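Report on the structure given below.
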Amino acid sequence: MSAPAEPPLPQPVHGGTCAIVGLPNVGKSTLLNRVLGRHLAAVSPRPQTTRNRILGIHRTQLEPLDPPGVELCFVDTPGIQIGKGALRRFMRDQALNAAGECDVALYVADATDPRGRTPDRFAQPDAADLLAAIAGIPLVVALNKVDRVNKTDLLPVLETWMRWSEATERPAMNVVPIAALEGDGVDRLVATIAEMLPVGPPRFPADMVTDRAEEFLAAELVREQLYHQLGKELPYAAAVVIETFEERDNGDLAIGACIIVERESQKAIVIGKGGARVKQLGIAARQSLAELFRCPVHLNLFVKVVPDWSNAEAGLRKVGFSDLTGGGK
Ligand code: GDP
Ligand code: MG
């Protein structure tokens, strides 16, 4: 997806990739959306909302830096977790691959979670692989959701991270408290990361915002509404496939989206009594699609059963996870 071109950045720039990694539900996608000022990545109170990695490019000029131009290429990733099934394996690979390839790793921790907010968490089996993947890479730790934490509780956590950094002799490390939802500390976080990036020519065309096609972003926003509106009733293996995506002569978008579940009983839940739920889903999804694409959207939603798709790689391909080692659809 691209956006109207801004005036090009003076060259060279502080530029490179920054993988946003961490446990599920700590606010990684919220942070990406906040920095980019658009709703690129799906966000929900439920863990494992993000399934694919998504590139989002942030460009800015920060005068204290020399050179001041910044091309910060964030890669949002699924929360790190272990578990069975092809979909979970796919999500884990997406996160670990992005973590191992970036210029700066951004580890987001939930400051409200006493067991998840300190470096001790890396000792658990699910997080240990992540720590290994970023071993030689400059690291920024964002302690998120500080809007819900007392300052007196936060200080010891910051100190624990700094002590850990000294003890492990990492290449470089900074800790920044933030509240991604409201934006507090986010400018400081961006400046901290930018300063750690290498200097060179920009890597992407000036109007490029993400590597994801519009169809992918549309599917993510429809899926986000499923998470919001079905809450605990939502089946883990619900997916969304865009079947049609047409720009009409008047500039409107016509989108046909198919919600895929694994059982007839799940289909009934998504459709709701007399179709009430799928109708509400359509209304809310259409509104967020119109905001993302900045034009009127006509949305047609269907629900389809594909038995057991999430357990086998063939099933994953059927619903759009086409590249099992790289970026998906
Ligand atoms: P991800 O799984 O790490 O990508 O997390 P999400 O971005 O999907 O967010 C998970 C939940 O945390 C959502 O309900 C967000 O609204 C919430 N959240 C994210 N950032 C903040 C924050 O700064 N403060 C508070 N209070 N909640 C947040
Ligand atoms: Mg996410």
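Just so it is clear, none of the values below were taken in a lab; they were calculated from the coordinates. Because the structure is a prediction, the values reported are computed rather than measured. Note that we place each Cβ from the backbone using ideal geometry, even for glycine, and neighbour counts take in every protein chain shown.
Exposure proxy ranking for Thr192, Thr50, based on other Cβ atoms within 10 angstrom of each Cβ and starting from the fewest, stands as Thr192, Thr50. For the range 13-200, a crude dipole built from +1 on the beta carbon of Lys and Arg and -1 on the beta carbon of Asp and Glu, taken about the Cα centre, is about 840 debye to the nearest 20. Of the GluC sites (Glu not before Pro) found in the range 104-178, those that fall in a DSSP loop while having at most 15 other beta-carbon atoms within 10 Å are Glu169.
Taken about its Cα centre, the chain carries a charge dipole of about 1240 debye when Lys and Arg each add +1 at the Cβ and Asp and Glu each add -1 at the Cβ. Scalar couplings 3J(HN,Hα) for the range 65-81, obtained by applying the Karplus form with A = 6.51, B = -1.76, C = 1.60 to θ = phi - 60°, are 7, 10, x, x, x, 10, 10, 9, 9, 7, 10, 7, 10, x, x, 6, 7 Hz; x denotes Gly and Pro.
What does DSSP give for the chain in terms of the percent of beta bridges that are antiparallel, rounded to the nearest 5? Among the beta bridges of the chain, antiparallel pairing accounts for roughly 40 percent. Note on the range 175-219 and the range 222-273: Cα centroid distance 28 Å, given to the nearest whole angstrom.
Between Arg223, Arg53, Arg263, the GNM of the chain built on Cα springs shorter than 10 angstrom shows Arg263 fluctuating the most. Go ahead and collect, in residue order, the members of the range 18-35 whose backbone nitrogen is under 12 Å from a label point 7 Å along the Cα-Cβ direction of Ala3. Residues passing the 12 Å test: 33-35.
Pairs from the list Lys84/Lys145; Lys232/Lys273; Lys28/Lys232 with a Cα-Cα gap above 23 Å: Lys84/Lys145.
Mind running the shape call on the range 13-200? Use the C-alpha gyration tensor, a ≥ b ≥ c as the square roots of the eigenvalues: rounded below 1.5 for a/c, prolate if a/b tops b/c, oblate otherwise.
Here the range 13-200 falls in the rounded category.
Toward the positive end of the charge dipole of the range 56-154, about the Cα centre and with charges on Cβ (Lys, Arg +1; Asp, Glu -1), which of Gly85, Ala132, Pro119 goes farthest? The residue sitting farthest along the positive end of the dipole is Gly85. Exposure proxy shown here: for Tyr107, Tyr227, the number of other Cβ atoms within 10 Å sets the order, fewest to most, as Tyr227, Tyr107. Here's how it looks for Asp211: its modeled amide H is under 5 Å from those of Leu55, which are all 5 or more places away or on a different chain.
Computed extension length for Glu169-Asp126: 13.2 nm, one decimal, from 0.36 nm per residue of separation with the Cα-Cα distance subtracted.
In sequence order, the range 160-170 has phi-based couplings of 4, 5, 5, 5, 4, 4, 5, 5, 8, 6, 6 Hz under the Karplus curve 6.51 cos²θ - 1.76 cosθ + 1.60, θ = phi - 60°, and Gly or Pro positions carry x. Residues whose amide H lies under 5 Å from that of Leu181, counting only those 5 or more places away or on a different chain, are Lys145; hydrogens are built 1.01 Å from N in the peptide plane.
Distances between placed amide hydrogens fall under 5 Å for Val303 paired with Ile259, all partners being 5 or more residues away or on another chain. Here the range 214-318 is assigned +1 on the Cβ of each Lys and Arg and -1 on the Cβ of each Asp and Glu. Its dipole about the Cα centre then comes out at about 500 debye.
Which listed residue (Gln280, Val104, Ile193) has the Cα farthest towards the positive end of the charge dipole for the chain, taking +1 on Lys and Arg C-beta and -1 on Asp and Glu C-beta about the Cα centre? Sorting the options by dipole projection puts first Gln280.
At most 14 other Cβ atoms within 10 Å and a DSSP loop assignment: could you name the trypsin sites (Lys or Arg not before Pro) in the range 105-163 that fit? Passing sites in the range 105-163 are Arg115.
In plain terms, the chain from Ala206 to Arg46 could stretch by 54.2 nm, reckoned as 0.36 nm per residue minus the Cα-Cα distance.
All Cα-Cα separations within the chain were binned at 20 Å from zero, giving a P(r) of 31, 57, 12, 0, each value a whole percent of the pairs. The HN-Hα couplings worked out from phi for the range 276-291 by the Karplus form 6.51 cos²θ - 1.76 cosθ + 1.60 (θ = phi - 60°) are 5, 6, 5, 5, 4, 4, x, 5, 5, 5, 4, 5, 6, 5, 5, 5 Hz, whole numbers, x standing for Gly and Pro. Counted residue by residue at 0.36 nm each, then reduced by the alpha carbon distance between them, the extension gain from Glu233 to Cys295 reaches 19.1 nm.
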